[in-house]
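These notes are about the structure you will find just below.
The values are calculated or read from the model by the stated rules, or taken from the named source; none is laboratory data. The shown structure was predicted, so the numbers you read here are calculated from the model rather than taken from an experiment. Positions of Cβ are backbone-derived with ideal geometry, glycine not excepted, and every protein chain shown enters the neighbour counts.
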Amino acid sequence: MKLEFRPLAAHDLTLLHEWLQRDHVRRWWTDRETLAEVVEHYLPSIDGRESTDLYLIVGDGHPIGFIQTYQVAGYPEYRDLVKVEDGVAGVDLFIAEPELIGRGVGTEALRQFVEGVVFANSDVHACIADPDADNIASLRAFEKAGFARVREFVDPSDQRPHALVRRER
């Protein structure tokens, strides 16, 4: 499957909302249940008021998932929670199409995105993510994409253990 990353646009928010309602996504992405909540959360990044870069994962010309990146230093509370230095970017993603889960698509999307988008910024020397510690499939995808598990922490936003994973440039 040929993967590409297209910046998320305002007209994609309905699709993103629909994906966030799918059981396999909703299990790990529990916020933003209504379209209005999705618009309120993501539109500021789309129009440049917030510094998270949002993308659709496009497989063979069709949107199949969502991925985002951000400078951790731009979110001081989160930076303090995960205890990382400047020059570290964060990444989050999900594959929206259930038939693509467990087929290596997430791993390859991570690998290509980190190498081609995240590390394209010369100020970034490492990339982190914090999947739920019980999300074994996500943890495997990150490990196969070159991330190493650093530690676990409890995220105050959901009171659940999360695994901090990190990949150096």
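Values as computed for the structure displayed
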| item | result |
| --- | --- |
| Which listed residue is crowded, with 18+ Cβ neighbours inside 10 Å, under 15 Å from the mean Cα position of the chain (by Cα), over 17 Å from M1 (Cβ atoms) and among the hydrophobic types (A, V, I, L, M, F, W, C), from V84, V91, V105, V124 | V91 |
| Exclusive hit being modelled with pLDDT of 95 or more and out of contact with any Phe, Trp or Tyr (no Cβ under 9 Å at 6 or more places or on another chain), set G61, G74 | G61 |
